[in-house]
Amino acid sequence: MNKRVVLIAGGVLAVLLLAGGGIYVGKTVAHNRAERLRDNTLVLAKRYIGQGEYQRALDLLDRLLVQNPSDRQAQSLEDEAVRAMKGQQAGKAEEGSAASAAAQRLSQSLEQLGKSLQQTASRPVQVVQPQKESAPPPSNENAAERQQREKAQRVQALINQGIAKMNSGDYAGARSSFQSALGVDPDSAMALAELGESYAEESSSPGSLSKATEYANKAAAKDPNLWLPHYTLGKVYDKTGSLDNAIREYGTAARLNPENPILPFELGKIQYRAGEFSSARQSFQTAIHLDPKNEKAYYDLGATYLQLNDESSALAAYRNAVAVKPDYANAYFAVGELLRTRGDFAGAEAAYRKAVAITPGNPAFNRGLAVALYFEGKYQDAESYFLNTLSLEPNRAENSYNMALDQLKLGKPQAALQYAEAAVKLQPDSAPAFYTLGQVNEAIDNTDGAIKAYEKAIQIDPGYLSPKINLGVIYDNSGLYDKALANLLAAYQIAPTSIEVNNDLGNVYLHSELYKEAIDHYKRALAQNPTMTLVRYHLALAYVQSKQYDLAQTALAEVIKLDPRFWDAYYQLGNIYYQEGNKASAKAIFTALLQKNPGYDKATEIQKLLANE
């Protein structure tokens, strides 16, 4: 009988085959990876700017600024992208930024995929205010009133001129217009507010932010009911990492201008980053109420629901995002992540396919689709998307690791070895990668290589259960029971209720002829799941070896009841009946076995036994 017993095929692997970096461990490794990701992101953002893909560049840069609001290179590139985009789209208000990081608690699950919102503020819609020249002046207007009216018109015309210039990226020209407006009316709160906003929008440099603060405070002092200076101050505090102050100022702006959907949207993003998730939810809901077509508000609402542990509402929010914007790849990806964690791999596959169709060059999207296909058992289909991911990110260890797992499932252990070795080379401190290398070596019958890989995995992570189990089984199969017990007892200390650990311990004790201990651990395994026929069969063997035949008969009869095709249980039960002299029962069991499975490997032995009766 093969002593190796695998009860949960692929169960441990499933935990590690993540869509978002699940195999990376350790703060130093994570930091180095983050630095590489930052450098690559900056290069890609520069490329997008050069190609005129400004929004894609901004999306990338916003992710960096979420992680580090003081990243000067990211700030500088963001300013460049904003200026270029405004030059391309003169007269249009900038669209609201969206959070695009999906996964990490999930993927990581969602590896994960971390759930944070972008820092860069959206610009509220500002339009050039129309001159009201169509209305004739009052007939009884005196000279002073006429002068005041004409003065107000000149100020408004200059402010409108400045807004138009700012919308086209001409910040210096905009400030000239606003200063001219102040030359006409030094007390114009709106001119002061727009002047401050021009500094905040153009740059995140300390000098610009200082000027923005100066003019915004002057504007607020002139007109306490004006919303724009509070919005500008909120933006400044946001960029300098003063979240409490940013929340206060954005909240004031939203209160003073309750019909502007951008303001609660920006407020919600800051509240999210400050960990005020209930408040963020309310703000995003307000933004959606004011603008039901804001797909980014739905997306960020979904991320907020995840932080509130409400995955059903998060899923609904992400689905609303793609309903509003059918080409919203990040939202499809988020839907896929949530469905995958629920075990709905078919639904996850459909969502991931949407994301990949929209953005085929995104490695996370390809990885997510590959993972869903893997868990659906579609290993051949999964292979192509894992290969896509590997070609897009050849130096990411997780991609080689995932390919090794998929090649094992496809029955290609030699190919799996190539990828498993690449994974440990790329990530030499990854215990899961070495564990997979051990599995691959077992598949190619390289027991020594498997032992070395498993021992390395344990050296990296002494609390790692799976390599201890596999080492225990290898040593058990080799007859090295002391070494097997050492590894499996260490595993038992980590997971005393594990079916696999208790079953394997029972096997070692059975082979060591320590039947009492074997029976104890088989019972512990069955206490977790009484329907495990293989464990119950092993328990029956321990009863047979300890001459507890009545208990053995009961256990074998239960195995046959649970699985009528468990042929060895028939054979063992027939043998017990025969040895006890109950030849009629033995003949009945053996006859039933041969009728149901004429090709049973011990059929000849049974036929000879029956012929002698």
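All of the numbers you see were taken from the coordinates with simple rules; none came from a lab. Since the model is a prediction, treat every value here as computed from it, not as a measurement. Counting neighbours? That spans all protein chains shown, and the Cβs are built from the backbone with ideal geometry, glycine included.
Tallying residues that are of a type in the set (Ser, Thr, Tyr), surrounded by fewer than 20 Cβ atoms within 10 Å (Cβ to Cβ) and within 16 Å of residue 269 (Cα to Cα) within the range 295-322 yields 0.
Here's the yes/no breakdown for (1) more than 24 Å from residue 606 (Cβ to Cβ); (2) buried (at least 21 other Cβ atoms within 10 Å of the Cβ):
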{"residue": "522", "(1), (2)": "yes, yes"}
{"residue": "532", "(1), (2)": "yes, no"}
{"residue": "538", "(1), (2)": "no, yes"}
{"residue": "574", "(1), (2)": "no, yes"}
{"residue": "590", "(1), (2)": "no, yes"}
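Identification of helices (runs of 4 or more DSSP H) wholly contained in the range 534-613 with 1 or more residues that are among the small types (Gly, Ala, Ser) and under 22 Å from residue 515 (Cα atoms) yields 549-562, 567-579.
Among the numbered conditions (1) among the small types (Gly, Ala, Ser); (2) in a loop (DSSP other than H, G, I, E, B); (3) touching a Lys or Arg at 6+ places or on another chain (Cβ under 8 Å), the only one that residue 241 does not meet is (3). Of all the listed residues (450, 415), the sole one being assigned to a helix (DSSP H, G or I) and under 30 Å from residue 360 (Cα atoms) is 415. Going by what's in this entry, would residue 327 be described as part of a loop (DSSP other than H, G, I, E, B), at negative phi, out of contact with any Gly (no Cβ under 9 Å at 6 or more places or on another chain) and of a type in the set (D, E, K, R)? So residue 327 passes the test.
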